1. Starting from the Kirkwood radius over alpha-carbon pairs of the stretch 52-101, derive D by Stokes-Einstein at 37 °C in a medium of 0.692 mPa s and give it in µm² s⁻¹.
2. Roughly how many nanometres apart are two label points built 7 Å out from the Cα toward the Cβ at Glu163 and Ile66?
3. If you take every DSSP beta bridge fully contained in the stretch 2-217, what fraction is antiparallel? Give it as a percent rounded to 5.
4. Show me 75-82, 108-115, 195-202 ranked by packing, highest mean number of other Cβ atoms within 10 Å first.
5. Per-residue ellipticity at 222 nm for the chain, helices alone: DSSP H runs ≥ 4 residues times -39500 (n - 2.57), over residue total, nearest 500 deg cm²/dmol?
6. State which entries of Lys24/Lys177; Lys32/Lys82; Lys32/Lys177; Lys135/Lys211; Lys177/Lys197; Lys167/Lys211 exceed 26 angstrom in Cα-Cα distance in the structure shown.
7. Based on the mean of other Cβ atoms within 10 Å per residue, sort peptides 85-93, 134-142, 56-64 so the most packed one is first.
8. Which residue, chosen from Leu173, Leu71, Ala202, occupies the Cα position most advanced towards the positive end of the dipole of the chain, where the dipole is computed from +1 (Lys, Arg) and -1 (Asp, Glu) charges on Cβ about the Cα centre?
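Here, each number is a calculation from the coordinates, and none is a lab measurement. Everything numeric here is computed off the predicted structure, so don't read it as measured data. All Cβ positions, even for glycine, are placed from backbone atoms using ideal geometry, and neighbour counts span all protein chains on display.
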Amino acid sequence: MDTEGTGVMTGMLITLEGIDGSGKSTLHASLKDQLADLDPLMTREPGATWVGDQVRRAIKEQTDPITEATLFVADHAAHLEKVVRPALTEGRLVISDRYSDSRYAYQSVTLQGIVPEPEKWLRAMHNGWTIIPDKTFLCVLPIDEALIRLKPDNEREHFEKRETLEKVQNNYLSYAKAEPSRFVIVDALLPQETVAKFVADAIRVEWEAGKKRKGRNK
């Protein structure tokens with residue numbers, strides 16, 4: 001477990017990322033069943049704490065981008081404190097549907113023209129206290145396919161517009177290029193069952209390798 005400003009944790013943090021319509025939430029639900037024998041803690045951002053509920057309210061009410069972004073960061077802090085960090089300290093496998101990379105990818109787009117260098121600003125707010133995932137599975141697909149999977153245009157959230165999704169996916173891909181040892185790119189056009197099996201198998205490999213490393217360090 002790679003941490004910033006935290007104590008020793010023996011668990012493993014896996015995150016699922018991707019643009020809206022990429023199927024990562026469906027994947028998250030499938031992994032709960034496929035990895036049931038590992039008793040993973042299934043969680044998400046936003047929504048795992050009461051702060052996350054306020055984030056969803058802010059999105060629905062189309063709050064200004066700075067308020068929205070800072071609420072996302074507050075939700076992340078509460079999520080770590082109340083859910084993620086305790087589970088990792090207990091040695092559990094944690095699988096989160098969205099995490100800090102979502103913030104960097106999405107809010108750096110919504111904050112363009114509002115704050116200088118929005119991604120740098122966002123990352124600075126996380127430095128020193130966030131927990132870096134052990135592995136991140138990034139679901140990637142053509143924007144046209146993602147839009148087909150989403151609600152009709154007049155029912156979509158502001159994050160779900162073509163221009164935003166294109167920029168967000170490009171952000172994600174740049175993160176994967178910068179951290180190839182952490183990111184695993186997943187072809188989200190494949191059948192859901194195929195994607196779920198691939199990711200579940202990969203998580204098992206990571207989990208077993210992690211247990212072996214802990215054994216050698218005892």
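1. Value of D from the Cα-based Kirkwood radius: 276 µm²/s.
2. Label-label distance for Glu163 and Ile66, simple model: 2.2 nm.
3. Values: 2 of 21 bridges.
Here the share of antiparallel DSSP bridges comes out near 10 percent.
4. In descending order of packing, they fall as 75-82, 195-202, 108-115.
5. Rounded to the nearest 500, it is -14500 deg cm²/dmol.
6. As for pairs spanning more than 26 Å Cα to Cα, those are Lys32/Lys177; Lys167/Lys211.
7. Working: 85-93: 17.8, 134-142: 20.7, 56-64: 12.4.
By packing density, highest mean first, the sequence is 134-142, 85-93, 56-64.
8. Farthest along the dipole direction, towards plus: Ala202.
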